[in-house]
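First the structure, in the form of structure tokens, and then the observations on it.
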Amino acid sequence: MKSRPGIDRNRSRAPHWRTGLLAAALLLPCIASATLGQPEASVRADATQLKGSIQATDLANYRVHEIQLSSGTVREFVSLDGHVFAIAWSGRSMPNLRQALGEYFDPYVAALQVTRSDHRHVRVELDNLVVQSTGHMRGTFAGRAYLPQAIPAGVSLGDLN
Amino acid sequence: MRALSKILRIAALTSIAALSACGGGGGGPIAPASGGGSPPPPPPAVANVLTVQVDPGPVPTQGAEINTLYTSVTVCVPGSTTQCQTIDNIQVDTGSFGLRLVSSAVMVTLPVETVSAGNTLVECTQFADGYSWGSVVTADLQIAGETASSVPVQLIGSSGIPAAPGTCSGTGTAENTVAQFGANGLLGVGVYAQDCGPSCVSAGSASDQYSSYYSCTASACQPSGTGTLAAQVTNPVTLFGVDNNGVIITLASVPAVGAASVAGTMTFGVDTETNNKSGTQRVVALDPDIGEFQTTFNGQTLPYSVFDTGSNGYYFADSSITQCTGNYAGFYCPSSPLSLSATLQGENVSGTPVGTAYTVNFSVASSESLSTSEPTYIAFSNLAGVLPSTGNTSLTGSFDWGLPFYYGNTVYTVFEGYTSSVATGPYVAF
């Protein structure tokens, strides 16, 4: 378990479940306002309310907000000028990408309809958006979405997970 | 993969016009594997052998499906022997659990499951690329000679229910039609009996924003527990009267250039009949919590690895292999075919490796070259997709042994909590 970040292996157990419910309910507005390409201000405001559910880590060229959901983890990568340039997720189910991707969600879905995958793997590369996603029922789901032109200097794709 | 499919489709139309020009070897249907380490089972003593095949799928004119395994299932109204329908082009999937049918392919009227008076049980099935939304119905099933009664089945795209709520549709694209889904249905025969399990039973899960199950009136849906495990969409093999502890999938070998189709079988039960004995095999225990195991590849330990007929290629991260571009982006395009190997080992519920580690060899060819050199082919044993090289998240800590792993192979899947002469599931052996 220790070697597997991002997966809540206790998901089916009641105590963890109930704790997660509260966080999930509170997180909806947070994720909605912490959208790809948007300012991070609302994330910071919600962090106080969410207490342990969200944690920010400052790195040299960006900041990561890690949000614990009942079903896994969502990480939001914020540039020093205060914009979300990438989102990564892992857990037992898919996150709500409509909220996380914001204005990029509709182009993402449109691209999926042209390049539909095998239900298990997604790789969408648009001029201004890259989405990678994988996952299995009752297993693990994981993925990331980023704005290639908005990645700050000094940040590598390997950092975005 | 659809990108590859679309390219393939365009090329296929051209090729059909000049079919006689496609005389190159290996294009025809291929008999089930008879050589190479896995002897064919003896003739079945009972009707527990289902014919399966890799073919272009239900709508080849809109894009042939690549490396997709299909079969047929007979569906009856519960209790009836006359109100029945055999539905073809149902994908065989060891990476999911339970039968899903696209409603437009279903002509019989199947009763819906209810949560409470006036409220029907509806499911949002999540995939990496999106969701399927539809009622849970019950059906009697006949699969080969095996039968199961009143099986909970998802009827994808069913009528008479509200549209998918935002918590469902927010995960990606809708996959509610045959064209969107790439099949008339999905036969999930992976290691679990139910498609969600204990976490979806209780009313407590009703507030989960990513719930799989919903309780719907004619006008509105709310996340809902299923009340019982038995109400969930269920792997029908576990409901057979006999031969219900697992499945054995045997597929023909595929030449390096690919094939136009692949024949095979899915045998029900493991060590329950004369034709489904375990024999000598390599056993990989799956983590009972997530159904995954450990692959070691290029010195990296990948604890979220899966066996999955529903994946159309091998999927892994290797930054040293040239990636395709353009319409083939997301797949590997090495300048010449590569011979690679990886080590597979079981793991327990803590993610700790257990049992023997086995080395498996596999090949990776250029997806673009494969598709363009034989445009009518839809089965490739050396197709591999790219997982990102990042840190040790579940996106990158995975090696997906997709359908190519099953070509020229006999693969045993034994369900969670069920026992063969070799071990108790969940495990996969080959």
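The values are calculated or read from the model by the stated rules, or taken from the named source; none is laboratory data. These numbers come from a predicted model, not from an experiment. Methodologically, a virtual Cβ is constructed for each residue, glycine included, from the backbone with ideal geometry; neighbour enumeration extends over all protein chains shown.
What the table below lists for this structure:
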| item | result |
| --- | --- |
| Residue match in the stretch B:237-248 (condition: farther than 24 Å from residue B:419 by Cα and either touching a helix residue (DSSP H, G or I) at 6+ places or on another chain (Cβ under 9 Å) or of a type in the set (Val, Ile, Thr) (or both)) | no |
| Cβ-Cβ under 7 Å pairs, at least 6 apart or on other chains, the stretch B:319-341 side over 12 Å from residue B:369 (Cα atoms) and more than 10 Å from chain A (Cβ to nearest Cβ), far side loosely packed, with under 11 Cβ neighbours inside 10 Å and of a type outside the set (Asp, Glu) | B:322/B:335; B:339/B:361; B:341/B:359; B:341/B:361 |
| Qualifying residue in the stretch B:90-109 (condition: more than 16 Å from residue B:136 (Cα to Cα) and touching a Pro at 6+ places or on another chain (Cβ under 8 Å)) | no |
| Selection count where residues are away from chain A (no Cβ under 14 Å) and in contact with a strand residue (DSSP E or B) (Cβ under 9 Å, 6 or more places away or on another chain), scope the stretch B:110-132 | 11 |
| Search result, residues across the stretch B:306-318 that are out of contact with any helix residue (DSSP H, G or I) (no Cβ under 7 Å at 6 or more places or on another chain) and facing chain A (nearest Cβ under 10 Å) | B:306, B:308, B:310, B:315 |
| Residue check, residue A:113 facing chain B (nearest Cβ under 7 Å), surrounded by fewer than 23 Cβ atoms within 10 Å (Cβ to Cβ) and modelled with pLDDT under 95 | yes |
| Criterion: out of contact with any Ser or Thr (no Cβ under 7 Å at 6 or more places or on another chain), modelled with pLDDT under 90 and of a type in the set (A, V, I, L, M) - qualifying residue of B:203, B:218 | B:203 |
| Total residues in the stretch B:145-175, condition part of a loop (DSSP other than H, G, I, E, B) and either without any contact (Cβ under 8 Å) to a residue 60 or more places away in the chain or crowded, with 20+ Cβ neighbours inside 10 Å (or both) | 13 |
| Cross-chain or 6+ apart pairs with Cβ under 6 Å, the stretch A:116-145 first and at the interface with another protein chain (Cβ under 7 Å from one of its Cβ atoms), then among the aromatic types (Phe, Trp, Tyr) | A:119/B:127; A:121/B:315; A:135/A:141; A:138/B:192; A:140/B:304; A:143/A:89 |
| Test: residue in the stretch B:89-110 that is farther than 18 Å from residue B:181 by Cα, in contact with a Gly (Cβ under 8 Å, 6 or more places away or on another chain) and either in the same structural domain as residue B:233 (by TED's automatic domain parsing) or among the aromatic types (Phe, Trp, Tyr) (or both) | no |
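One line per residue, one yes/no per condition, for (1) at pLDDT 95 or above; (2) crowded, with 23+ Cβ neighbours inside 10 Å:
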{"site": "B:25", "(1), (2)": "no, no"}
{"site": "B:56", "(1), (2)": "no, yes"}
{"site": "B:74", "(1), (2)": "yes, no"}
{"site": "B:80", "(1), (2)": "yes, no"}
{"site": "B:83", "(1), (2)": "yes, no"}
{"site": "B:91", "(1), (2)": "yes, yes"}
{"site": "B:98", "(1), (2)": "yes, yes"}
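Yes or no, residue by residue, for (1) in a loop (DSSP other than H, G, I, E, B); (2) within 22 Å of the chain's Cα centre (by Cα); (3) closer than 27 Å to residue B:289 by Cβ:
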position: B:318; (1), (2), (3): yes, no, no
position: B:343; (1), (2), (3): no, no, yes
position: B:351; (1), (2), (3): yes, no, yes
position: B:354; (1), (2), (3): no, no, yes
position: B:360; (1), (2), (3): no, yes, yes
position: B:370; (1), (2), (3): no, no, no
position: B:381; (1), (2), (3): yes, yes, no
position: B:421; (1), (2), (3): yes, no, yes
